[in-house]
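What follows is a single structure, written as C-alpha coordinates, with notes after it.
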Amino acid sequence: MWNQLPKESQTEPTLNYSRKLKPRNTGIDFYSNDYLGLVKDKVFLSRIHDTLMQHPASLLGNTGSRLISGNSDVLTSVEGYLAELHAVDSALLFPSGYTANLALISTLIKKGDTLIVDEFVHRSIIDGYLMSTGTRWKFRHNDMQHLEALLKKASGRVFIAVESLYSMNGDKAPLAAVIALAKRYKAEVILDEAHALGVFGLGLADQQKIQHEFLAITVTYGKAMGLYGAAILCSHALKNYLVQHASPFIYSTAIPDFHALAVKESYDYLLESSELQERLQNNIGYFRSSGLPLTAESDSPIQIFKVAEGNSLNGLVDQLLAASLLTYAIWPPTVPLGQECLRISIHADHRMAEMDLLIEILKNYA
(Lines give C-alpha, C1' and ligand atoms only; values in the text may rest on other atoms or scores of the structure.)
Protein backbone atom coordinates (compact mmCIF):
# COMPACT_ATOMS: atom_id res chain seq x y z
CA MET A 1 0.00 0.00 0.00
CA TRP A 2 1.35 3.41 -0.94
CA ASN A 3 -0.24 5.47 1.78
CA GLN A 4 3.01 7.08 2.85
CA LEU A 5 6.26 8.09 1.24
CA PRO A 6 8.82 5.26 1.26
CA LYS A 7 12.13 5.82 2.96
CA GLU A 8 14.74 7.45 0.77
CA SER A 9 17.09 4.51 1.17
CA GLN A 10 14.46 2.22 -0.37
CA THR A 11 13.93 4.24 -3.51
CA GLU A 12 17.24 6.03 -4.08
CA PRO A 13 19.97 3.36 -4.32
CA THR A 14 23.54 4.57 -4.20
CA LEU A 15 24.88 4.65 -7.76
CA ASN A 16 27.78 6.29 -9.51
CA TYR A 17 25.25 8.42 -11.34
CA SER A 18 23.50 11.70 -10.65
CA ARG A 19 21.18 13.83 -12.74
CA LYS A 20 22.71 16.92 -14.29
CA LEU A 21 21.55 19.83 -16.39
CA LYS A 22 23.66 19.71 -19.54
CA PRO A 23 23.76 21.73 -22.75
CA ARG A 24 21.80 20.12 -25.56
CA ASN A 25 24.14 18.01 -27.66
CA THR A 26 24.21 18.19 -31.43
CA GLY A 27 23.87 14.92 -33.27
CA ILE A 28 21.32 12.40 -34.47
CA ASP A 29 18.34 12.48 -32.13
CA PHE A 30 17.42 9.04 -30.80
CA TYR A 31 16.43 10.27 -27.35
CA SER A 32 13.74 12.94 -27.58
CA ASN A 33 9.96 12.50 -27.71
CA ASP A 34 9.71 14.27 -31.10
CA TYR A 35 8.38 11.04 -32.64
CA LEU A 36 6.96 12.61 -35.81
CA GLY A 37 9.87 15.01 -36.28
CA LEU A 38 7.60 18.06 -36.11
CA VAL A 39 10.14 20.17 -34.24
CA LYS A 40 12.42 19.94 -37.28
CA ASP A 41 9.62 19.99 -39.87
CA LYS A 42 10.04 23.18 -41.92
CA VAL A 43 6.48 23.07 -43.27
CA PHE A 44 5.06 22.78 -39.78
CA LEU A 45 7.35 25.55 -38.53
CA SER A 46 6.17 27.79 -41.37
CA ARG A 47 2.53 27.19 -40.42
CA ILE A 48 3.24 28.04 -36.78
CA HIS A 49 5.04 31.21 -37.93
CA ASP A 50 2.06 32.17 -40.09
CA THR A 51 -0.25 31.69 -37.11
CA LEU A 52 1.89 34.05 -35.07
CA MET A 53 1.94 36.66 -37.85
CA GLN A 54 -1.86 36.54 -38.04
CA HIS A 55 -2.20 36.89 -34.24
CA PRO A 56 0.92 38.74 -32.98
CA ALA A 57 -0.69 39.88 -29.71
CA SER A 58 -1.47 36.27 -28.83
CA LEU A 59 2.18 35.63 -27.96
CA LEU A 60 1.94 37.72 -24.80
CA GLY A 61 0.66 36.46 -21.47
CA ASN A 62 -3.00 36.30 -20.48
CA THR A 63 -2.32 38.39 -17.33
CA GLY A 64 -3.73 36.05 -14.69
CA SER A 65 -5.49 32.83 -13.87
CA ARG A 66 -8.46 31.88 -16.00
CA LEU A 67 -10.86 32.56 -13.13
CA ILE A 68 -9.65 36.17 -12.89
CA SER A 69 -8.33 37.86 -16.03
CA GLY A 70 -6.75 35.00 -17.95
CA ASN A 71 -9.68 33.46 -19.81
CA SER A 72 -10.17 34.31 -23.48
CA ASP A 73 -12.35 33.48 -26.45
CA VAL A 74 -9.34 31.77 -28.06
CA LEU A 75 -8.83 29.36 -25.14
CA THR A 76 -12.53 28.58 -24.97
CA SER A 77 -12.73 28.08 -28.74
CA VAL A 78 -9.72 25.75 -28.88
CA GLU A 79 -11.10 23.69 -26.00
CA GLY A 80 -14.32 23.32 -27.95
CA TYR A 81 -12.30 22.26 -31.01
CA LEU A 82 -10.44 19.64 -28.95
CA ALA A 83 -13.65 18.22 -27.49
CA GLU A 84 -15.28 17.93 -30.91
CA LEU A 85 -12.20 16.41 -32.53
CA HIS A 86 -11.72 13.81 -29.79
CA ALA A 87 -15.49 13.13 -29.68
CA VAL A 88 -15.86 13.92 -25.97
CA ASP A 89 -18.01 16.40 -24.08
CA SER A 90 -15.36 18.85 -22.88
CA ALA A 91 -11.68 19.70 -22.78
CA LEU A 92 -9.63 21.76 -20.34
CA LEU A 93 -6.21 23.14 -21.33
CA PHE A 94 -3.17 23.03 -19.03
CA PRO A 95 0.40 24.31 -19.40
CA SER A 96 1.84 20.76 -19.17
CA GLY A 97 0.88 17.12 -18.89
CA TYR A 98 2.44 17.06 -15.43
CA THR A 99 0.16 19.87 -14.25
CA ALA A 100 -2.88 18.26 -15.88
CA ASN A 101 -2.38 14.91 -14.14
CA LEU A 102 -1.49 16.61 -10.86
CA ALA A 103 -4.72 18.61 -10.98
CA LEU A 104 -6.88 15.67 -12.03
CA ILE A 105 -5.65 13.10 -9.52
CA SER A 106 -5.20 15.36 -6.51
CA THR A 107 -8.68 16.83 -6.96
CA LEU A 108 -10.62 13.63 -7.63
CA ILE A 109 -9.30 11.31 -4.92
CA LYS A 110 -10.83 12.12 -1.53
CA LYS A 111 -10.78 10.51 1.88
CA GLY A 112 -12.55 7.16 1.66
CA ASP A 113 -11.77 6.73 -2.06
CA THR A 114 -9.35 4.17 -3.49
CA LEU A 115 -6.93 4.87 -6.33
CA ILE A 116 -5.21 1.88 -7.98
CA VAL A 117 -2.41 2.68 -10.43
CA ASP A 118 -0.16 0.64 -12.67
CA GLU A 119 3.29 0.59 -11.08
CA PHE A 120 4.80 2.21 -14.21
CA VAL A 121 2.54 5.28 -14.47
CA HIS A 122 4.16 8.67 -14.90
CA ARG A 123 5.46 10.59 -11.90
CA SER A 124 2.75 13.24 -12.38
CA ILE A 125 0.11 10.66 -11.44
CA ILE A 126 2.15 9.52 -8.45
CA ASP A 127 2.58 13.09 -7.21
CA GLY A 128 -1.14 13.69 -7.73
CA TYR A 129 -2.12 10.82 -5.49
CA LEU A 130 0.52 11.76 -2.92
CA MET A 131 -1.35 15.06 -2.66
CA SER A 132 -4.70 13.29 -2.24
CA THR A 133 -6.22 11.92 0.97
CA GLY A 134 -7.59 8.60 -0.30
CA THR A 135 -6.20 5.07 -0.17
CA ARG A 136 -3.50 4.50 -2.75
CA TRP A 137 -2.38 1.14 -4.17
CA LYS A 138 -0.31 0.04 -7.15
CA PHE A 139 -0.70 -3.12 -9.22
CA ARG A 140 2.04 -5.00 -11.02
CA HIS A 141 2.59 -3.65 -14.52
CA ASN A 142 -0.20 -4.77 -16.88
CA ASP A 143 -1.10 -7.61 -14.46
CA MET A 144 -4.87 -7.90 -14.65
CA GLN A 145 -5.04 -10.62 -11.99
CA HIS A 146 -3.28 -8.37 -9.52
CA LEU A 147 -5.52 -5.45 -10.48
CA GLU A 148 -8.61 -7.57 -9.91
CA ALA A 149 -7.34 -8.76 -6.53
CA LEU A 150 -6.99 -5.13 -5.44
CA LEU A 151 -10.39 -4.17 -6.88
CA LYS A 152 -12.01 -6.92 -4.81
CA LYS A 153 -10.89 -5.33 -1.56
CA ALA A 154 -11.15 -1.67 -2.58
CA SER A 155 -13.67 0.55 -0.81
CA GLY A 156 -15.41 3.86 -1.45
CA ARG A 157 -15.25 5.37 -4.91
CA VAL A 158 -12.66 3.41 -6.85
CA PHE A 159 -10.41 4.80 -9.59
CA ILE A 160 -7.86 3.07 -11.84
CA ALA A 161 -5.06 5.03 -13.56
CA VAL A 162 -3.07 3.68 -16.53
CA GLU A 163 -1.10 4.95 -19.52
CA SER A 164 -2.01 3.82 -23.02
CA LEU A 165 1.67 3.69 -24.09
CA TYR A 166 4.22 3.49 -21.29
CA SER A 167 7.12 5.88 -21.62
CA MET A 168 9.84 3.88 -19.90
CA ASN A 169 9.34 0.46 -21.54
CA GLY A 170 7.40 1.15 -24.74
CA ASP A 171 4.51 -1.24 -24.18
CA LYS A 172 0.75 -0.66 -24.16
CA ALA A 173 -1.88 -1.10 -21.49
CA PRO A 174 -4.52 -3.79 -22.16
CA LEU A 175 -7.23 -1.13 -22.27
CA ALA A 176 -10.14 -3.47 -23.06
CA ALA A 177 -9.25 -5.70 -20.11
CA VAL A 178 -8.86 -2.72 -17.76
CA ILE A 179 -12.28 -1.37 -18.81
CA ALA A 180 -13.91 -4.77 -18.36
CA LEU A 181 -12.58 -5.06 -14.81
CA ALA A 182 -13.59 -1.49 -14.03
CA LYS A 183 -17.17 -2.19 -15.10
CA ARG A 184 -17.30 -5.42 -13.12
CA TYR A 185 -16.21 -3.66 -9.92
CA LYS A 186 -17.88 -0.29 -10.58
CA ALA A 187 -14.62 1.61 -10.84
CA GLU A 188 -13.70 4.63 -12.99
CA VAL A 189 -10.67 4.64 -15.31
CA ILE A 190 -8.28 7.55 -15.90
CA LEU A 191 -6.09 7.31 -19.01
CA ASP A 192 -2.85 9.11 -19.87
CA GLU A 193 -2.28 9.23 -23.66
CA ALA A 194 0.88 11.36 -23.52
CA HIS A 195 3.07 9.11 -25.66
CA ALA A 196 0.31 7.71 -27.89
CA LEU A 197 -1.14 10.99 -29.19
CA GLY A 198 0.17 11.67 -32.69
CA VAL A 199 1.97 8.34 -32.90
CA PHE A 200 -1.37 6.54 -33.10
CA GLY A 201 -3.51 9.30 -34.58
CA LEU A 202 -5.63 10.90 -31.87
CA GLY A 203 -4.54 8.23 -29.40
CA LEU A 204 -5.24 4.58 -28.70
CA ALA A 205 -8.60 5.30 -27.09
CA ASP A 206 -9.72 7.09 -30.24
CA GLN A 207 -8.33 4.31 -32.46
CA GLN A 208 -10.34 1.74 -30.52
CA LYS A 209 -13.37 4.07 -30.27
CA ILE A 210 -13.53 3.64 -26.50
CA GLN A 211 -12.88 7.22 -25.33
CA HIS A 212 -16.30 7.35 -23.65
CA GLU A 213 -15.33 4.44 -21.40
CA PHE A 214 -12.90 6.66 -19.45
CA LEU A 215 -13.68 9.16 -16.74
CA ALA A 216 -10.90 11.38 -18.09
CA ILE A 217 -8.12 11.23 -20.68
CA THR A 218 -4.97 13.35 -20.53
CA VAL A 219 -3.40 14.27 -23.88
CA THR A 220 -0.11 16.16 -24.07
CA TYR A 221 1.48 18.28 -26.77
CA GLY A 222 5.17 18.24 -25.85
CA LYS A 223 5.91 14.94 -27.57
CA ALA A 224 4.70 13.86 -31.02
CA MET A 225 2.75 17.11 -31.43
CA GLY A 226 5.94 19.17 -31.35
CA LEU A 227 4.76 21.81 -28.88
CA TYR A 228 4.08 22.08 -25.17
CA GLY A 229 1.05 21.82 -22.89
CA ALA A 230 -1.81 19.39 -22.37
CA ALA A 231 -5.56 18.97 -22.12
CA ILE A 232 -7.89 16.86 -20.02
CA LEU A 233 -10.73 15.34 -22.05
CA CYS A 234 -13.78 14.67 -19.92
CA SER A 235 -17.47 15.32 -19.28
CA HIS A 236 -18.96 18.79 -18.77
CA ALA A 237 -19.53 17.94 -15.10
CA LEU A 238 -15.94 16.89 -14.47
CA LYS A 239 -14.54 19.94 -16.27
CA ASN A 240 -16.69 22.20 -14.10
CA TYR A 241 -15.58 20.32 -10.98
CA LEU A 242 -11.92 20.83 -11.90
CA VAL A 243 -12.48 24.52 -12.60
CA GLN A 244 -14.06 24.85 -9.14
CA HIS A 245 -11.65 22.72 -7.10
CA ALA A 246 -8.36 21.87 -8.89
CA SER A 247 -5.65 23.99 -7.24
CA PRO A 248 -3.07 23.59 -10.05
CA PHE A 249 -5.67 25.04 -12.45
CA ILE A 250 -7.17 27.71 -10.19
CA TYR A 251 -3.86 29.19 -9.10
CA SER A 252 -1.93 29.03 -12.38
CA THR A 253 -1.65 31.85 -14.90
CA ALA A 254 -3.51 30.97 -18.08
CA ILE A 255 -1.43 29.89 -21.07
CA PRO A 256 -1.02 32.52 -23.82
CA ASP A 257 -3.56 32.45 -26.64
CA PHE A 258 -0.77 31.70 -29.12
CA HIS A 259 -0.07 28.48 -27.26
CA ALA A 260 -3.65 27.33 -27.80
CA LEU A 261 -3.65 28.45 -31.46
CA ALA A 262 -0.45 26.47 -32.04
CA VAL A 263 -2.05 23.37 -30.51
CA LYS A 264 -4.93 23.66 -32.97
CA GLU A 265 -2.47 24.11 -35.85
CA SER A 266 -0.57 21.01 -34.73
CA TYR A 267 -3.77 18.93 -34.79
CA ASP A 268 -4.67 20.27 -38.23
CA TYR A 269 -1.21 19.41 -39.54
CA LEU A 270 -1.37 15.94 -38.00
CA LEU A 271 -4.71 15.21 -39.66
CA GLU A 272 -3.39 16.39 -43.03
CA SER A 273 -0.07 14.49 -42.80
CA SER A 274 -0.87 10.82 -42.24
CA GLU A 275 2.33 9.95 -44.11
CA LEU A 276 4.28 11.01 -41.00
CA GLN A 277 2.75 8.17 -39.00
CA GLU A 278 3.37 5.76 -41.88
CA ARG A 279 7.00 6.86 -42.10
CA LEU A 280 7.39 6.42 -38.35
CA GLN A 281 6.00 2.88 -38.46
CA ASN A 282 8.26 2.02 -41.39
CA ASN A 283 11.28 3.20 -39.40
CA ILE A 284 10.21 1.27 -36.31
CA GLY A 285 9.81 -1.86 -38.42
CA TYR A 286 13.24 -1.38 -40.00
CA PHE A 287 14.91 -0.90 -36.62
CA ARG A 288 13.24 -3.97 -35.12
CA SER A 289 14.20 -6.10 -38.12
CA SER A 290 17.84 -5.77 -37.03
CA GLY A 291 17.59 -8.79 -34.73
CA LEU A 292 18.59 -6.79 -31.65
CA PRO A 293 17.13 -7.96 -28.31
CA LEU A 294 14.54 -5.21 -27.88
CA THR A 295 11.83 -5.26 -25.23
CA ALA A 296 8.97 -3.10 -26.48
CA GLU A 297 5.85 -3.27 -28.65
CA SER A 298 6.49 -3.91 -32.33
CA ASP A 299 4.83 -0.61 -33.29
CA SER A 300 6.09 1.56 -30.45
CA PRO A 301 8.50 4.45 -31.11
CA ILE A 302 10.01 3.73 -27.69
CA GLN A 303 12.42 0.79 -27.92
CA ILE A 304 14.29 -0.59 -24.93
CA PHE A 305 17.78 -2.12 -25.14
CA LYS A 306 19.59 -3.79 -22.23
CA VAL A 307 23.31 -4.41 -22.48
CA ALA A 308 24.60 -7.96 -22.12
CA GLU A 309 26.03 -9.00 -18.78
CA GLY A 310 29.58 -7.77 -18.39
CA ASN A 311 29.10 -4.78 -20.68
CA SER A 312 28.85 -1.18 -19.49
CA LEU A 313 25.73 0.89 -20.13
CA ASN A 314 27.74 4.07 -19.60
CA GLY A 315 30.37 2.77 -22.02
CA LEU A 316 27.69 2.19 -24.63
CA VAL A 317 26.26 5.68 -24.20
CA ASP A 318 29.73 7.20 -24.52
CA GLN A 319 30.47 5.22 -27.69
CA LEU A 320 27.16 6.27 -29.21
CA LEU A 321 27.80 9.90 -28.32
CA ALA A 322 31.24 9.71 -29.96
CA ALA A 323 29.41 8.65 -33.13
CA SER A 324 27.02 11.65 -32.74
CA LEU A 325 24.14 9.32 -31.78
CA LEU A 326 22.10 10.88 -28.97
CA THR A 327 20.46 8.27 -26.72
CA TYR A 328 19.37 8.19 -23.09
CA ALA A 329 20.28 5.73 -20.36
CA ILE A 330 17.55 5.07 -17.77
CA TRP A 331 18.77 4.56 -14.21
CA PRO A 332 17.07 4.02 -10.84
CA PRO A 333 14.93 5.42 -9.36
CA THR A 334 13.22 5.97 -12.73
CA VAL A 335 13.39 2.19 -13.23
CA PRO A 336 13.91 -0.49 -10.54
CA LEU A 337 17.45 -1.37 -9.51
CA GLY A 338 18.80 -3.96 -11.93
CA GLN A 339 16.59 -2.75 -14.80
CA GLU A 340 18.95 -0.08 -16.15
CA CYS A 341 18.56 0.22 -19.90
CA LEU A 342 18.98 2.34 -22.99
CA ARG A 343 15.80 4.08 -24.12
CA ILE A 344 15.78 4.60 -27.89
CA SER A 345 13.26 6.88 -29.57
CA ILE A 346 12.58 6.18 -33.23
CA HIS A 347 11.42 9.18 -35.27
CA ALA A 348 9.62 9.57 -38.56
CA ASP A 349 12.51 11.59 -40.01
CA HIS A 350 15.29 9.11 -39.23
CA ARG A 351 17.21 7.89 -42.27
CA MET A 352 18.16 4.24 -42.73
CA ALA A 353 21.87 5.09 -42.67
CA GLU A 354 21.42 6.69 -39.24
CA MET A 355 19.60 3.65 -37.91
CA ASP A 356 22.22 1.34 -39.44
CA LEU A 357 24.96 3.18 -37.54
CA LEU A 358 23.02 2.83 -34.28
CA ILE A 359 22.33 -0.86 -34.92
CA GLU A 360 26.00 -1.59 -35.68
CA ILE A 361 27.15 -0.21 -32.32
CA LEU A 362 24.32 -1.82 -30.33
CA LYS A 363 25.15 -5.25 -31.72
CA ASN A 364 28.55 -5.07 -30.01
CA TYR A 365 26.77 -4.78 -26.65
CA ALA A 366 23.93 -7.26 -27.19
## Note on the structure
Probe 1.4 Å, heavy atoms of protein chains only: per residue, the accessible area of the stretch 264-366 in Å² is 45
### Total charge dipole magnitude, the stretch 143-201, about the Cα centre, Cβ charges on Lys, Arg, Asp, Glu only, Debye to nearest 20
420
### Task
Using a 1.4 Å probe over the heavy atoms of the protein chains, calculate the carbon and sulfur portion of the accessible area of the chain as a whole percent.
52
### Query
Considering only protein heavy atoms, what per residue accessible area in square angstrom results for the stretch 199-248 with a 1.4 angstrom probe?
37
#### Entry: DSSP beta bridges in the chain [antiparallel fraction, %, rounded to 5]
50
## Note on the structure
Dipole check, the chain, charges on Cβ (K,R +1; D,E -1), about Cα centroid: among Gln339, Tyr129, Ile255 the Cα furthest to the positive pole belongs to Tyr129
### Summary
Residue-normalised 222 nm signal for the chain, counting each DSSP H run of n ≥ 4 as -39,500 (n - 2.57), nearest 500 deg cm²/dmol, is -11500 deg cm²/dmol
### Task
Would you calculate the separation in nanometres between label points at Ser46 and Ala237, each defined as 7 Å from the Cα along the Cα-to-beta-carbon direction?
4.9
### Summary
Between Glu275 and Ser312, Cβ-based FRET efficiency (R0 41 Å, step 0.05) works out to 0.55
### Task
Would you check the accessible area of His245, probe 1.4 Å, heavy atoms only, in square angstrom rounded to 10?
100
### Summary
Here FRET efficiency (C-beta to C-beta, Ser65 to Arg157, R₀ 22 Å, nearest 0.05) is 0.20
### Ranking by accessible area, most exposed first, for Phe305, Phe120 with a 1.4 Å probe
Phe120, Phe305
### Task
Would you mind computing, in nm to one decimal, how far apart the modelled labels at Ser324 and Thr76 are, each placed 7 Å from Cα along Cα→Cβ?
5.1
### Query
Taking +1 at the Cβ of each Lys and Arg and -1 at the Cβ of each Asp and Glu, which of Leu93, Leu67, His212 sits farthest along the dipole of the chain towards its positive end, judged by Cα position relative to the Cα centre?
Leu67
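The values are calculated or read from the model by the stated rules, or taken from the named source; none is laboratory data. Note that the structure is a prediction, hence the values are computed from the model and not measured. All Cβ positions, glycine included, derive from the backbone under ideal geometry; neighbour counts span all protein chains shown. Calculation scope for accessible area: heavy atoms of the full protein, side chains included, ligands and nucleic acids excluded. Shrake-Rupley method; radii C 1.70, N 1.55, O 1.52, S 1.80 Å.
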